[in-house]
């Protein structure tokens, strides 16, 4: 899937319309917009709306209203992931053809039970950087015919990447260029560690593509040269770099910026009802005041 290099730097802000934007989103959008302007580059908005059960048109409308109120401008038309499901399917099929994915049918409850039995013996089950237990991978070693039969059985399943097998295809280390900083201040040339995530989900019966798969496909097809996002996604870059190598996609420069934390010390969240940009605007505050609040000029 070769993509010609863009003539100018390209930045993007890619929200999901499953809630109102909060101050953390404002920080990321402003940083991307301002960096694009300073570099004489392009600034794009991408709507990540694959999850049709949570994404709603009114939230998409609110996103555009909030960003316009902040004084940001972006190119049209806006890319919506829901319009490009065939592209993610093609990328998944390419990985299937390479023998790098397998169908997994264990439910969350079954995974939790397996982990509990294992840890009852006094050993800790491995977990990913977000603290989630790694998938046991029971289906990974089934024959190709048994995996196909499992996928065609009608059981709800996910397609998972056999990360160890995928990593083994490359002789040298997988790296990325970081111009921001990781949780421990990591910057410069970073060694990726996709194995830390175990066999990540690429697609599910109820969702045609995962965040990991769709984001690398979209970034490549939109010619994104600079991925600027919150530090909470720093470790996920390891998975994204592996997928880019597997799919022959270009490597952007990554910049992970600081997070805005709530009073409880946690990052802001839509699901927690943290203060949104719209509420800030409704209170009569100005975009300049919001910029000052989040520490950008």
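We did not get these values from a lab; they are worked out from the coordinates using the rules stated. Because the structure is a prediction, the values reported are computed rather than measured. Counting neighbours? That spans all protein chains shown, and the Cβs are built from the backbone with ideal geometry, glycine included.
Could you work out the relative contact order of segment 1-68? I mean the mean sequence separation of Cα pairs under 8 Å and 6+ apart, divided by the number of residues, in percent. Let's see the in-between values first.
On the way: 78 pairs, mean separation 30.4, N = 68.
RCO, segment 1-68: 45 percent.
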Checklist line | Helix axis angle, 237-246 relative to the chain longest principal axis, alpha carbon, degrees | finding: 60
Checklist line | Using alpha-carbon coordinates, inclination of helix 108-119 to the longest axis of the chain, degrees | finding: 70
Checklist line | With Cα atoms, 0 to 90° folded angle of helix 85-97 axis to the chain main axis | finding: 30
Check: Once you put a point 7 Å from the Cα of residue 7 and another 7 Å from the Cα of residue 141, both along the Cβ direction, what distance in nm separates them?
Finding: 5.5
Check: Can you tell me the Rg and Dmax of segment 138-231, counting just the alpha carbons, in angstroms?
Finding: 16.5, 47
Checklist line | Peptides 207-219, 224-236 ordered by average Cβ neighbours within 10 Å, highest first | finding: 207-219, 224-236
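Based on other C-beta atoms within 10 Å, arrange 152, 106, 293 from fewest to most. Walk me through the intermediate numbers first.
Numbers: 152 10, 106 17, 293 14.
Fewest to most other Cβ atoms nearby, the residues stand as 152, 293, 106.
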Next item on the list: Any chance you could tell me what percent of the C-alpha pair distances in segment 1-121 go past 24 Å?
Entry: 50
Margin query: Using Cα springs under 10 Å in a Gaussian network model of the chain, which residue among 168, 286, 205 shows the largest mean-square fluctuation?
Written below: 168
Checklist line | the chain - mean residue ellipticity at 222 nm from DSSP helices (-39,500 (n - 2.57) per run, n ≥ 4, rounded to 500) | finding: -10000 deg cm²/dmol
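Using a 10 Å cut-off around each Cβ, can you sort 50, 174 from fewest to most neighbouring Cβ atoms?
Numbers: 50 22, 174 18.
Ordered from fewest to most neighbouring Cβ atoms within 10 Å, 50, 174 come out as 174, 50.
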Notebook entry, point to check: In Å, what is the Rg of the alpha-carbon atoms in segment 141-297, and how long is Dmax?
Noted result: 19.5, 63
Notebook entry, point to check: Fewest first, what order do 110, 58 take by the number of other Cβ atoms within 10 Å?
Noted result: 58, 110
Margin query: From Cα pairs below 8 angstrom and at least 6 apart in sequence, can you work out the relative contact order of segment 46-160, rounded to a whole percent?
Written below: 28
Item checked: For the chain: relative contact order, % (alpha-carbon pairs under 8 angstrom, 6 or more apart) -> 25
Check: Roughly how many Å is it from the Cα centre of segment 88-112 to that of segment 17-82, as a whole number?
Finding: 30
Notebook entry, point to check: Label points 7 Å out from Cα along the Cβ direction at residue 169 and residue 148: separation in nm?
Noted result: 2.0
